[in-house]
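Beneath this line is the structure, given in structure tokens, with notes to follow.
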Amino acid sequence: MGSRRSLIALSFAASLAGCAAPRAVPPQLAATFNEPYVLSSGDKLRVNVFGQQNLSNSYAVEPDGSIAMPLVGRYQVDGKTSDQVRAGLEAKLKGGFLRDPSVSVEIESYRPFYILGEVTTAGQYPYVAGMTAQNAVAIASGFTPRAMRDRVELTRRLGDRVYKAEVPLTYPIRPGDTLTVEERWF
């Protein structure tokens, strides 16, 4: 009878230990701080065309992933880095508009990130380069007393797919990510 209780207790403890172990992050969500930033809807770009004041301006990335620029028209930037956009705009302007265009493209503001669940002030916040999940929690005024404090659920849209995974607080986040801080049970 005593060995049966021990076996039940051991099984219960093993099942709880399995629940506490974080799952592996899917390769699609693997992120590092030195990856080049890829543009998407909600970002705002500062484009400078040297010597052309009427072309230099701030341009918002529209919901369809493009910017609307004089002489160029609608130019698709979704999924490109700022260097790729610079090279593409130079090529477009060189093709019949300017002899030797010199263009610079800077990210003026990133699209926001979202944080939900057991934080003091859930909501939408401006992204800051180099953020971790822990920084995001701090921006949302910290954890509530019932919060799970060692990991968060990360939701990230890549193209037309949405990925979710539990990640540690030291994990880098990206603009547009949604973090959910879950409630702890004990």
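Every number in this text was worked out from the coordinates using simple rules, so none of it is lab data. Quantities reported herein were computed from a predicted structural model and do not represent experimental measurements. Virtual Cβ from ideal backbone geometry, glycine too; neighbours counted across all protein chains shown.
Assorted remarks:
- Proximal lysines relative to LYS92, as straight alpha-carbon distance under 25 Å, when same-chain residues fewer than 8 apart are discounted: LYS44, LYS80
- Gain on full stretching of the segment that runs from SER41 to GLN84 - 0.36 nm per residue minus C-alpha separation: 13.9 nm
- Efficiency of FRET between ARG99 and GLN134 - r from beta-carbon atoms, R0 35 angstrom, step 0.05: 0.10
- Average 1/r across all pairs of distinct alpha carbons in the stretch 44-109, invert it, and you get the Kirkwood radius: 11.7 Å.
- Based on the convex hull around the alpha carbon atoms, the stretch 85-158 presents an average projected area of 6.8 nm².
- Legend: ranking of residues ASP150, ASP43 from fewest to most surrounding C-beta atoms inside 10 Å; resulting order ASP150, ASP43.
- Rounded to the nearest 0.05, the FRET efficiency derived from the C-beta distance between THR121 and ARG149 at R0 = 22 Å is 0.85.
- When the stretch 44-109 is described by a simple charge dipole with +1 on each Lys and Arg Cβ and -1 on each Asp and Glu Cβ, the residue from ALA68, SER109, LEU98 located farthest towards its positive end is LEU98.
- Each residue, LEU158 and ARG184, gets one label point 7 Å from its Cα in the Cβ direction; the gap between the two is 3.1 nm.
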